[in-house]
1. Which percent of the accessible area of the chain is formed by carbon and sulfur heavy atoms (probe 1.4 angstrom)?
2. Express in whole angstrom the spacing between the alpha-carbon centres of segment 51-80 and segment 138-190.
3. Per-residue accessible area for Trp138 at 1.4 Å probe radius, Å² rounded to 10?
4. Please work out how much accessible surface Lys157 shows to a 1.4 Å probe, ignoring ligands, DNA and RNA, in Å² rounded to 10.
5. Accessible area of Ser129, 1.4 Å probe, to the nearest 10 Å²?
6. Please arrange Ser239, Ser207 by accessible surface area, largest first, computed with a 1.4 Å probe and ligands excluded.
7. Keeping every protein chain present and rolling a 1.4 Å probe, give me the accessible area per residue for the chain in Å².
8. Using DSSP, restrict attention to beta bridges with both residues in segment 11-239 and report what percent are antiparallel, rounded to the nearest 5.
Amino acid sequence: MTIYNTDNKLMLVAHRGIAAYFPENTMSAFKAALVSDIDILEIDIHRTLDNHLVVIHDDSIDRTSNGSGKIKDMTLAALQQFDYGIIKDSKFEGATLPTLDEVIKLIRDYPQKLLIELKQPQNYPGIESELIDTLNAWGLPKDKVIVQSFNQKSIKKFFYMNEGYELGVLISKKKYWYKLPPFKSIAAYANYVNPNYALVTEKFLKSAHQYRLSVMPYTVNEHEQAKSLQELGVDGLISDDPNEIL
Ligand code: G3P
Ligand code: CA
């Protein structure tokens, strides 16, 4: 089941689309990413009050739109009354909140994989099954999708649903600054362990690779930083500015 990267090709991941130049997690950021030389598009998902899976990083729309409120307390129609581009730049005025369906519809026509991060799945009971139903309904090839989360329980749940999608565990600086993640137990259900880039050392990589876990650190936006991580032997890089680090 492992996809551990043996051919040493560095996977380039566009974080929230090309978030450096476009409003993050919007269709224009995704389109820009998919016509770039990237391998994977990363997105974040939450669930609306009326059970739509939507693509946004925070659990509220306060930071990235001209509105305010929590995703879980608002319907899709209410969320779509706001603008998700104007905060970045007036030239992006009119950007809507993408649904997961819209993103899948877009990426079907491109060769890249979709890396879906489940944000705070503990706040959305049953979101794992709902995500699987959505993916299956679109009939995307299983190897076109990777599902990841900081919530290891949620990724384990995915594994036991036995749908065959590639899975990843995100590793935060806060939790693992003083210790290595439990690679052996993670490798029992996941294919990737994706850490904050500051956690990546030779020892980290050696231990992860020993359990055939691929490692794609986030969020790497500087060319020099990317170069050192590549030299250390990471399998991929998650970046707001993949064209720069390329
Ligand atoms: O894909 C990894 C990265 O996106 C995790 O952090 O906060 O940007 O979602 P965050
Ligand atoms: Ca993310």
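The values are calculated or read from the model by the stated rules, or taken from the named source; none is laboratory data. Quick caveat: nothing in here was measured; it's all calculated off a predicted structure. Cβ atoms come from the backbone with ideal geometry, glycine included; neighbour counts cover every protein chain shown. The area values use the complete protein model at the heavy-atom level, side chains included, leaving out ligands, DNA and RNA. Shrake-Rupley method; radii C 1.70, N 1.55, O 1.52, S 1.80 Å.
1. It is 49 percent, rounded to a whole number.
2. If you average the Cα positions of each part, the centres end up 25 Å apart.
3. Per-residue accessible area (Trp138): approximately 70 Å².
4. Taking all protein chains as shown, Lys157 has close to 100 Å².
5. Here the residue's solvent-accessible area equals roughly 50 Å².
6. Accessible-area ranking of Ser239, Ser207, largest first: Ser207, Ser239.
7. Normalised by residue count, the accessible surface of the chain is 46 Å².
8. 15 percent
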